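Visitor: Sending over a structure as structure tokens; questions will come in a sec.
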Amino acid sequence: MILELDCGNSFIKWRVLDALAGEVVSEGVVDSNQALIDRLHIIKSLSLRNCRLVSVRTNEETGALIGLIEREFNIPIVCAKPAREMSGVRNGYEDYERLGLDRWLAMLGGFHLAAGDACLVLDFGTAVTADFVAADGEHLGGFICPGMPLMRNQLRTHTRKIRYGDEAAERALSSHVPGRTTVEAVERGCSLMLRGFVLTQLELARAHWGEDFTVFITGGDAELVDGAAPEARIVPDLVFVGLAMACPLS
Ligand SMILES: Nc1ncnc2c1ncn2[C@@H]1O[C@H](COP(=O)(O)OP(=O)(O)O)[C@@H](O)[C@H]1O
Ligand SMILES: CC(C)(COP(=O)(O)O)[C@@H](O)C(=O)NCCC(=O)O
Ligand SMILES: [K+]
């Protein structure tokens with residue numbers, strides 16, 4: 001079995017694949033290294049052989065996680081590394097090593113799934129990112145904005161009177177009519193910002209490529225923009241698609 005990890009700024013997305021069938025045996029989202037280990041240990045008949053991971057965390061944090069997995073499971077671990085070019089995609093950053101590896105892998109995955117089409121890759125995590133890959137594989141660059149957790153927390157920490165709990169936040173998002181309470185006004189307002197971001201990115205993509213492109217949406221908060229781009233392909237595991245391409249296990 002193969003352990004796959006996508007270590008974002010807020011959460012670790014994990015899954016265990018059957019090495020032969022390639023099927024997902026188990027998967028989840030955890031908020032700490034120890035929670036990951038605890039969660040893995042309760043999987044019946046777990047027999048990990050390899051691990052591949054991508055991280056946008058510091059080298060120290062990533063190293064600590066790698067050390068922990070090595071101690072717990074004694075398996076080889078490969079980490080996705082920055083590259084100038086891979087699987088037909090050319091990194092468009094001035095300094096290719098500075099491009100977030102989760103963005104890079106999502107682009108590799110998107111370009112592969114788009115099978116020759118240009119692609120717009122949108123990722124809704126702690127940050128929100130957009131990346132443009134032309135049909136010839138050239139990465140034109142992208143955009144980074146605060147995601148839902150950051151927008152919400154900035155309002156909470158920089159105002160005196162915006163305070164509410166998680167449950168009220170979830171209830172508020174059942175509709176997008178103008179809010180009549182603080183929680184509704186904030187949650188719906190931020191959610192509409194994300195939808196506006198999607199529409200702007202679609203406009204930019206059309207300006208580049210007309211109608212000839214594929215849109216991919218991924219990230220933990222992808223459902224917040226549900227319906228904003230009806231033509232988009234929602235691919236929750238897009239980073240993992242790219243991870244398997246960047247870190248093949250022989
Ligand atoms: N099972 C889950 N556990 C935690 N957060 C989740 C889960 N499912 C969706 N989310 C949402 O995902 C968002 C984080 O997205 P994610 O792509 O994991 O971010 P990052 O890669 O920056 O850690 C959170 O704002 C949260 O609302
Ligand atoms: C843009 C990001 C913060 C997104 O991280 P995430 O929201 O997935 O945790 C991450 O890809 C990153 O740290 N990138 C490095 C900066 C860059 O891509 O220019
Ligand atoms: K991410």
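No value in this document is a laboratory result; all are computed from the given coordinates. Note that the structure is predicted; figures quoted are calculated from it, not measured. Because the Cβ atoms are built from the backbone with ideal geometry, glycine has one as well, and the counts that use them run over all protein chains shown.
Visitor: Could you give each residue of the range 229-240 its phi-based ³J(HN,Hα) in whole Hz, using Karplus coefficients 6.51, -1.76, 1.60 with θ = phi - 60°, and x for Gly or Pro?
Guide: With the stated coefficients, the range 229-240 comes to 10, x, 7, 6, 9, 7, 10, x, 9, 4, 5, 5 Hz.
Visitor: Another question, then. Note down the net charge around Gly116, summing +1 for each Lys or Arg and -1 for each Asp or Glu among other residues with Cβ under 11 Å from its Cβ.
Guide: Counting the neighbours of Gly116, the net charge comes to -3.
Visitor: Expressed in nm to one decimal, what extension gain is obtained for the pair Arg160 and Ser250 from 0.36 nm per residue of sequence separation less their Cα-Cα distance?
Guide: 26.8 nm
Visitor: Another question about this same structure. How many nm separate the modelled label positions at Ala21 and Ala135, each set 7 Å beyond the Cα in the direction of the Cβ?
Guide: Placing both labels 7 Å along Cα→Cβ, they lie 3.9 nm apart.
Visitor: At 7 Å along the Cα-to-beta-carbon direction for both Leu173 and Ile234, put a label point, then send me their distance in nm to one decimal.
Guide: Placing both labels 7 Å along Cα→Cβ, they lie 1.1 nm apart.
Visitor: I've got another one for you. Each residue of the range 62-79 in turn: what ³J(HN,Hα) in whole Hz from Karplus with 6.51, -1.76, 1.60 and θ = phi - 60°, glycine and Pro shown as x?
Guide: Going residue by residue, I get 5, x, 5, 5, 4, x, 5, 5, 4, 5, 6, 10, 6, 10, x, 10, 10, 10 Hz, with x marking Gly and Pro.
Visitor: Enumerate by residue number the chymotrypsin sites (Phe, Trp or Tyr not before Pro) in the range 57-127 meeting two conditions: DSSP loop (anything except H, G, I, E, B), and at most 16 other Cβ atoms within 10 Å of the site's Cβ. Numbers along the way, then the final one.
Guide: Values: sites: Phe73, Tyr93, Tyr96, Trp104, Phe111, Phe124; in loops: Tyr93.
When the chymotrypsin sites (Phe, Trp or Tyr not before Pro) of the range 57-127 are filtered for loop state and at most 16 Cβ neighbours within 10 Å, Tyr93 remain.
Visitor: Scan the range 1-36 for GluC sites (Glu not before Pro) in coil per DSSP, keeping those whose Cβ has at most 13 other Cβ atoms within 10 Å, and list them by number.
Guide: Glu23
Visitor: Provide the gained length on full extension for the span Glu94 to His41, in nm with one decimal, where the gain is 0.36 nm per separating residue minus the Cα-Cα distance.
Guide: Going from the current span to full extension adds 14.8 nm.
Visitor: Tell me what the chain gives for mean residue ellipticity at 222 nm when only DSSP H runs of n ≥ 4 count, each as -39,500 (n - 2.57), the sum divided by the residue total, rounded to 500 deg cm²/dmol. Could you put the intermediate results ahead of the total?
Guide: Numbers: 7 runs with 93 residues, N = 250.
Computed ellipticity for the chain at 222 nm equals -12000 deg cm²/dmol.
Visitor: Next up: Please report Arg188, Arg71, Arg39 as a ranked list, fewest other C-beta atoms within 10 angstrom at the top and most at the bottom. Walk me through the intermediate numbers first.
Guide: Values: Arg188 18, Arg71 9, Arg39 15.
With the fewest neighbours first, Arg188, Arg71, Arg39 line up as Arg71, Arg39, Arg188.
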